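Visitor: Here you go, one structure.
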Amino acid sequence: MNRRDFFGAGAALGVGLAATSLTAGASAQTTEQMDKRAEAKLRICSQVGPAPGKDLAEKLEKIKKYGCEAVEFGGDCVGKGEERLKMCQDAGLEIGAICWGSHNGDLCSEDESKRQPGIDDHKAAIETAGIMKSPGVIYVPAFNGQTKLTNQEIRAWLLEFLPPLAEFAKDCGTNIIFEPLCRYEAYFLRQVADGASIARDVLEKAGIETGIGVMADFYHMDSEETSQMGAIISGGPLLKYVHMAGGRAEPRRTYPGENSMTFVDGFRGLKYIGYQGFCSFECGCAKEDKEQAFQDSIAFLRAQWEQA
Ligand code: MG
(Lines give C-alpha, C1' and ligand atoms only; values in the text may rest on other atoms or scores of the structure.)
Protein backbone atom coordinates (compact mmCIF):
# COMPACT_ATOMS: atom_id res chain seq x y z
CA MET A 1 0.00 0.00 0.00
CA ASN A 2 1.49 3.36 -0.98
CA ARG A 3 0.99 6.57 0.99
CA ARG A 4 -1.90 7.78 -1.17
CA ASP A 5 -3.73 4.41 -0.85
CA PHE A 6 -3.12 4.47 2.89
CA PHE A 7 -4.84 7.81 3.35
CA GLY A 8 -7.60 6.73 0.96
CA ALA A 9 -8.29 3.63 3.08
CA GLY A 10 -8.46 5.77 6.20
CA ALA A 11 -10.99 8.10 4.61
CA ALA A 12 -13.13 5.18 3.44
CA LEU A 13 -13.31 3.88 6.98
CA GLY A 14 -14.21 7.31 8.30
CA VAL A 15 -11.04 7.35 10.40
CA GLY A 16 -10.58 10.70 12.04
CA LEU A 17 -13.39 12.37 10.13
CA ALA A 18 -16.30 12.35 12.52
CA ALA A 19 -16.28 14.46 15.68
CA THR A 20 -17.27 11.93 18.33
CA SER A 21 -19.85 12.69 20.97
CA LEU A 22 -17.13 12.22 23.61
CA THR A 23 -14.77 14.81 22.18
CA ALA A 24 -17.65 17.09 21.21
CA GLY A 25 -18.92 16.89 24.81
CA ALA A 26 -15.47 17.74 26.15
CA SER A 27 -15.11 20.70 23.77
CA ALA A 28 -18.41 22.16 24.93
CA GLN A 29 -17.16 22.42 28.53
CA THR A 30 -15.12 25.21 30.03
CA THR A 31 -11.73 24.47 31.57
CA GLU A 32 -13.27 24.89 35.02
CA GLN A 33 -16.06 22.41 34.19
CA MET A 34 -13.50 19.83 33.01
CA ASP A 35 -11.78 19.95 36.41
CA LYS A 36 -13.78 17.56 38.61
CA ARG A 37 -11.37 17.33 41.56
CA ALA A 38 -14.05 18.25 44.09
CA GLU A 39 -16.04 15.10 43.17
CA ALA A 40 -13.20 12.54 43.32
CA LYS A 41 -12.99 9.87 46.01
CA LEU A 42 -10.42 7.18 46.81
CA ARG A 43 -12.52 4.04 47.25
CA ILE A 44 -10.25 1.07 47.93
CA CYS A 45 -11.19 -2.47 46.93
CA SER A 46 -9.24 -5.72 47.01
CA GLN A 47 -9.16 -8.88 44.99
CA VAL A 48 -9.60 -11.94 47.17
CA GLY A 49 -5.99 -13.14 46.66
CA PRO A 50 -4.08 -10.07 47.91
CA ALA A 51 -6.25 -9.70 51.04
CA PRO A 52 -5.00 -11.19 54.32
CA GLY A 53 -7.03 -14.00 55.88
CA LYS A 54 -7.21 -17.79 55.71
CA ASP A 55 -10.53 -18.13 53.90
CA LEU A 56 -13.07 -15.99 52.08
CA ALA A 57 -15.09 -15.12 55.19
CA GLU A 58 -11.97 -13.97 57.07
CA LYS A 59 -10.70 -12.04 54.05
CA LEU A 60 -14.00 -10.16 53.72
CA GLU A 61 -13.85 -9.31 57.41
CA LYS A 62 -10.31 -7.92 57.12
CA ILE A 63 -11.03 -6.08 53.87
CA LYS A 64 -13.83 -4.28 55.68
CA LYS A 65 -11.92 -3.81 58.95
CA TYR A 66 -9.00 -2.01 57.30
CA GLY A 67 -11.19 0.48 55.44
CA CYS A 68 -11.81 -0.99 52.00
CA GLU A 69 -15.27 -0.59 50.48
CA ALA A 70 -15.43 -3.54 48.11
CA VAL A 71 -14.09 -6.94 47.10
CA GLU A 72 -13.20 -8.09 43.57
CA PHE A 73 -13.94 -11.65 42.50
CA GLY A 74 -12.52 -13.78 39.68
CA GLY A 75 -14.53 -15.63 37.05
CA ASP A 76 -15.45 -18.33 39.58
CA CYS A 77 -18.31 -16.07 40.78
CA VAL A 78 -20.19 -16.38 37.47
CA GLY A 79 -23.61 -17.93 38.13
CA LYS A 80 -23.31 -17.26 41.88
CA GLY A 81 -24.37 -13.62 41.84
CA GLU A 82 -27.13 -13.74 44.45
CA GLU A 83 -25.01 -15.80 46.86
CA ARG A 84 -21.95 -13.52 46.57
CA LEU A 85 -24.06 -10.37 46.82
CA LYS A 86 -25.65 -11.60 50.07
CA MET A 87 -22.26 -12.63 51.49
CA CYS A 88 -20.79 -9.19 50.75
CA GLN A 89 -23.82 -7.27 51.98
CA ASP A 90 -23.55 -9.21 55.25
CA ALA A 91 -19.87 -8.20 55.44
CA GLY A 92 -20.74 -4.53 54.74
CA LEU A 93 -18.96 -4.54 51.38
CA GLU A 94 -19.82 -3.71 47.79
CA ILE A 95 -18.51 -5.78 44.88
CA GLY A 96 -15.82 -4.58 42.49
CA ALA A 97 -15.39 -5.80 38.94
CA ILE A 98 -15.34 -9.46 37.93
CA CYS A 99 -11.76 -10.21 36.81
CA TRP A 100 -12.82 -12.40 33.87
CA GLY A 101 -9.81 -12.20 31.54
CA SER A 102 -9.66 -13.42 27.96
CA HIS A 103 -11.44 -16.81 28.03
CA ASN A 104 -8.27 -18.20 26.38
CA GLY A 105 -8.63 -15.57 23.66
CA ASP A 106 -11.60 -17.50 22.23
CA LEU A 107 -13.71 -14.42 21.42
CA CYS A 108 -10.93 -13.14 19.14
CA SER A 109 -9.64 -16.50 17.94
CA GLU A 110 -8.74 -17.05 14.29
CA ASP A 111 -10.73 -20.28 14.75
CA GLU A 112 -14.22 -18.87 14.31
CA SER A 113 -15.89 -21.91 15.93
CA LYS A 114 -14.43 -20.83 19.29
CA ARG A 115 -15.90 -17.33 19.23
CA GLN A 116 -19.59 -17.81 19.98
CA PRO A 117 -19.09 -20.06 23.06
CA GLY A 118 -16.75 -17.36 24.41
CA ILE A 119 -19.28 -14.61 23.71
CA ASP A 120 -22.01 -16.68 25.45
CA ASP A 121 -19.81 -17.11 28.53
CA HIS A 122 -19.01 -13.38 28.55
CA LYS A 123 -22.75 -12.72 28.50
CA ALA A 124 -23.20 -14.99 31.54
CA ALA A 125 -20.46 -13.04 33.36
CA ILE A 126 -22.17 -9.74 32.50
CA GLU A 127 -25.44 -11.08 33.87
CA THR A 128 -23.74 -12.04 37.16
CA ALA A 129 -22.07 -8.61 37.34
CA GLY A 130 -25.49 -7.00 37.00
CA ILE A 131 -26.93 -9.13 39.81
CA MET A 132 -23.97 -8.27 42.08
CA LYS A 133 -24.25 -4.53 41.26
CA SER A 134 -20.65 -4.76 40.06
CA PRO A 135 -19.22 -2.00 37.85
CA GLY A 136 -18.28 -4.50 35.18
CA VAL A 137 -16.57 -7.52 33.69
CA ILE A 138 -12.84 -7.06 33.05
CA TYR A 139 -12.11 -8.28 29.53
CA VAL A 140 -8.78 -8.86 27.77
CA PRO A 141 -9.28 -9.58 24.03
CA ALA A 142 -6.20 -11.83 23.91
CA PHE A 143 -2.99 -12.45 25.80
CA ASN A 144 0.14 -12.99 23.72
CA GLY A 145 -0.04 -16.26 21.79
CA GLN A 146 -3.82 -16.68 22.08
CA THR A 147 -4.74 -15.44 18.60
CA LYS A 148 -3.16 -15.15 15.18
CA LEU A 149 -5.30 -12.11 14.28
CA THR A 150 -3.46 -8.82 13.72
CA ASN A 151 -4.17 -5.63 15.68
CA GLN A 152 -6.31 -4.30 12.83
CA GLU A 153 -8.27 -7.55 12.51
CA ILE A 154 -8.94 -7.77 16.26
CA ARG A 155 -10.17 -4.18 16.39
CA ALA A 156 -12.49 -4.67 13.40
CA TRP A 157 -13.89 -7.88 14.90
CA LEU A 158 -14.45 -6.25 18.33
CA LEU A 159 -16.53 -3.61 16.55
CA GLU A 160 -18.68 -6.43 15.14
CA PHE A 161 -19.49 -8.46 18.23
CA LEU A 162 -19.24 -5.94 21.07
CA PRO A 163 -22.03 -3.43 20.28
CA PRO A 164 -24.88 -5.86 21.14
CA LEU A 165 -22.92 -7.20 24.12
CA ALA A 166 -22.35 -3.66 25.43
CA GLU A 167 -26.05 -2.97 25.02
CA PHE A 168 -26.77 -6.12 27.04
CA ALA A 169 -24.33 -4.89 29.72
CA LYS A 170 -26.07 -1.52 29.80
CA ASP A 171 -29.44 -3.23 30.27
CA CYS A 172 -27.93 -5.24 33.16
CA GLY A 173 -26.69 -1.99 34.73
CA THR A 174 -23.01 -2.87 34.28
CA ASN A 175 -20.12 -2.65 31.80
CA ILE A 176 -17.62 -4.56 29.73
CA ILE A 177 -14.26 -3.18 30.91
CA PHE A 178 -11.20 -3.47 28.65
CA GLU A 179 -7.97 -4.05 30.52
CA PRO A 180 -4.86 -2.70 28.75
CA LEU A 181 -1.81 -4.86 29.58
CA CYS A 182 1.95 -4.44 29.26
CA ARG A 183 3.61 -5.73 26.09
CA TYR A 184 4.98 -8.81 27.87
CA GLU A 185 1.39 -10.01 28.35
CA ALA A 186 -0.47 -8.67 25.29
CA TYR A 187 0.53 -6.98 22.04
CA PHE A 188 -3.04 -5.76 21.50
CA LEU A 189 -4.46 -3.10 23.83
CA ARG A 190 -1.51 -1.82 25.87
CA GLN A 191 -2.51 1.74 26.68
CA VAL A 192 -5.54 3.22 28.40
CA ALA A 193 -6.26 5.45 25.37
CA ASP A 194 -6.33 2.35 23.08
CA GLY A 195 -9.06 0.76 25.17
CA ALA A 196 -10.94 4.03 25.55
CA SER A 197 -11.02 4.66 21.81
CA ILE A 198 -12.36 1.17 21.06
CA ALA A 199 -14.98 1.56 23.80
CA ARG A 200 -15.95 4.93 22.29
CA ASP A 201 -16.37 3.35 18.85
CA VAL A 202 -18.46 0.49 20.27
CA LEU A 203 -20.74 2.95 22.09
CA GLU A 204 -21.17 5.04 18.96
CA LYS A 205 -21.97 2.01 16.83
CA ALA A 206 -24.49 0.73 19.40
CA GLY A 207 -25.99 4.20 19.90
CA ILE A 208 -25.62 4.00 23.67
CA GLU A 209 -23.67 5.99 26.28
CA THR A 210 -22.72 3.32 28.83
CA GLY A 211 -22.16 -0.43 28.77
CA ILE A 212 -18.46 -0.53 27.90
CA GLY A 213 -15.36 1.26 29.13
CA VAL A 214 -11.74 0.83 30.05
CA MET A 215 -9.65 0.44 33.20
CA ALA A 216 -6.21 1.61 34.29
CA ASP A 217 -3.80 -0.83 35.96
CA PHE A 218 -0.90 0.93 37.69
CA TYR A 219 1.44 -2.03 37.17
CA HIS A 220 0.88 -2.14 33.40
CA MET A 221 0.85 1.64 33.06
CA ASP A 222 4.33 1.72 34.61
CA SER A 223 5.65 -0.12 31.52
CA GLU A 224 3.46 1.33 28.78
CA GLU A 225 2.53 4.92 29.60
CA THR A 226 4.77 7.99 29.66
CA SER A 227 2.35 9.75 32.03
CA GLN A 228 -0.02 7.93 34.36
CA MET A 229 -1.96 11.16 34.82
CA GLY A 230 -2.21 11.63 31.06
CA ALA A 231 -3.28 8.00 30.54
CA ILE A 232 -6.08 8.28 33.07
CA ILE A 233 -7.32 11.59 31.69
CA SER A 234 -7.41 9.99 28.23
CA GLY A 235 -9.86 7.43 29.68
CA GLY A 236 -12.00 10.26 31.10
CA PRO A 237 -15.65 9.27 31.60
CA LEU A 238 -14.91 5.88 30.01
CA LEU A 239 -12.61 4.94 32.91
CA LYS A 240 -14.63 2.46 34.97
CA TYR A 241 -12.08 0.72 37.20
CA VAL A 242 -8.51 0.73 38.53
CA HIS A 243 -6.06 -2.00 39.55
CA MET A 244 -3.27 -1.15 41.97
CA ALA A 245 0.16 -2.73 42.40
CA GLY A 246 3.69 -1.41 42.59
CA GLY A 247 5.30 -1.18 39.15
CA ARG A 248 8.35 -2.69 37.46
CA ALA A 249 10.89 -1.94 40.20
CA GLU A 250 11.78 -4.74 42.63
CA PRO A 251 9.91 -6.08 44.47
CA ARG A 252 7.86 -6.15 41.27
CA ARG A 253 4.05 -5.93 41.35
CA THR A 254 3.65 -6.13 45.12
CA TYR A 255 1.57 -4.01 47.51
CA PRO A 256 1.69 -0.28 46.65
CA GLY A 257 4.42 1.29 48.78
CA GLU A 258 6.64 -1.82 48.82
CA ASN A 259 8.72 -0.61 45.89
CA SER A 260 9.73 2.83 44.66
CA MET A 261 6.76 3.53 42.41
CA THR A 262 4.69 6.56 43.33
CA PHE A 263 0.93 6.78 42.72
CA VAL A 264 0.71 10.57 42.98
CA ASP A 265 0.76 11.25 39.22
CA GLY A 266 -1.98 8.70 38.48
CA PHE A 267 -4.05 9.86 41.45
CA ARG A 268 -3.86 13.42 40.07
CA GLY A 269 -5.47 12.06 36.90
CA LEU A 270 -8.18 10.26 38.90
CA LYS A 271 -8.89 13.44 40.83
CA TYR A 272 -9.05 15.57 37.70
CA ILE A 273 -11.68 13.34 36.07
CA GLY A 274 -13.68 13.16 39.32
CA TYR A 275 -13.23 9.38 39.57
CA GLN A 276 -15.53 7.73 42.11
CA GLY A 277 -15.08 4.09 41.06
CA PHE A 278 -13.04 1.47 42.87
CA CYS A 279 -9.25 1.17 43.03
CA SER A 280 -8.55 -2.52 43.63
CA PHE A 281 -5.47 -4.36 44.91
CA GLU A 282 -4.14 -6.81 42.34
CA CYS A 283 -0.69 -7.60 43.65
CA GLY A 284 1.59 -9.85 45.65
CA CYS A 285 3.13 -9.15 49.04
CA ALA A 286 6.88 -8.94 49.64
CA LYS A 287 6.70 -8.93 53.44
CA GLU A 288 6.31 -11.79 55.92
CA ASP A 289 3.42 -10.20 57.79
CA LYS A 290 0.75 -9.84 55.10
CA GLU A 291 -1.85 -8.38 57.44
CA GLN A 292 0.47 -5.56 58.52
CA ALA A 293 1.63 -5.04 54.92
CA PHE A 294 -2.01 -4.68 53.80
CA GLN A 295 -2.65 -1.97 56.39
CA ASP A 296 0.64 -0.20 55.58
CA SER A 297 -0.22 -0.17 51.90
CA ILE A 298 -3.67 1.34 52.53
CA ALA A 299 -2.06 4.05 54.67
CA PHE A 300 0.52 4.67 51.93
CA LEU A 301 -2.21 5.04 49.28
CA ARG A 302 -4.24 7.44 51.40
CA ALA A 303 -1.13 9.59 51.91
CA GLN A 304 -0.41 9.54 48.15
CA TRP A 305 -4.04 10.58 47.46
CA GLU A 306 -3.66 13.52 49.84
CA GLN A 307 -0.44 14.53 48.12
CA ALA A 308 -2.00 14.32 44.62
MG1 MG B 1 -4.85 -5.84 36.23
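The values are calculated or read from the model by the stated rules, or taken from the named source; none is laboratory data. Keep in mind it's a predicted model, so treat the numbers as computed, not measured. For neighbour counting, all protein chains shown are included, and Cβ atoms are generated from backbone atoms with ideal geometry for every residue, glycine included. Note: accessible area is taken over every heavy atom of the protein model, side chains too, but ligands, DNA and RNA are not part of it. Shrake-Rupley method; radii C 1.70, N 1.55, O 1.52, S 1.80 Å.
Visitor: If you take the residues of the stretch 229-251 that are assigned to a loop (DSSP other than H, G, I, E, B) and over 25 Å from residue 98 (Cβ atoms), which of them is nearest to the ligand (Cβ to nearest atom)?
Guide: Selected residue: 248.
Visitor: For residue 210, which of the numbered conditions (1) in a helix (DSSP H, G or I); (2) polar (S, T, N, Q); (3) touching a residue at least 40 places away in the same chain (Cβ under 8 Å) fails to hold?
Guide: The single condition residue 210 does not satisfy is (1).
Visitor: So which residues in the stretch 169-195 are in a helix (DSSP H, G or I) and either more than 15 Å from residue 154 (Cα to Cα) or among the basic types (Lys, Arg) (or both)?
Guide: 169, 170, 171, 192, 193
Visitor: Any chance the stretch 64-78 includes a residue that's free of Cβ contacts under 8 Å to residues at least 12 places away in the same chain and open to solvent by 70 Å² or more (accessible area, probe 1.4 Å)?
Guide: Taking every residue of the stretch 64-78 in turn, at least one turns out to be free of Cβ contacts under 8 Å to residues at least 12 places away in the same chain and open to solvent by 70 Å² or more (accessible area, probe 1.4 Å).
Visitor: For residue 292, work out the one condition from (1) touching a residue at least 12 places away in the same chain (Cβ under 8 Å); (2) out of contact with any helix residue (DSSP H, G or I) (no Cβ under 9 Å at 6 or more places or on another chain) it doesn't fulfil.
Guide: Single failed check for residue 292: (1).
Visitor: Please enumerate the residues belonging to the stretch 213-223 that are crowded, with 19+ Cβ neighbours inside 10 Å and in a helix (DSSP H, G or I).
Guide: Within the stretch 213-223, 218, 219, 220, 221, 222 qualify.
Visitor: For the stretch 72-131, what are the residues that are farther than 24 Å from residue 188 by Cα and among the hydrophobic types (A, V, I, L, M, F, W, C)?
Guide: Hits for the stretch 72-131 are 73, 77, 78, 85, 87, 88, 91, 93, 95, 124, 129, 131.
Visitor: Restricting to the stretch 100-131, what's the tally of residues that are crowded, with 24+ Cβ neighbours inside 10 Å and not in a helix (DSSP H, G or I)?
Guide: Qualifying residue count, the stretch 100-131: 1.
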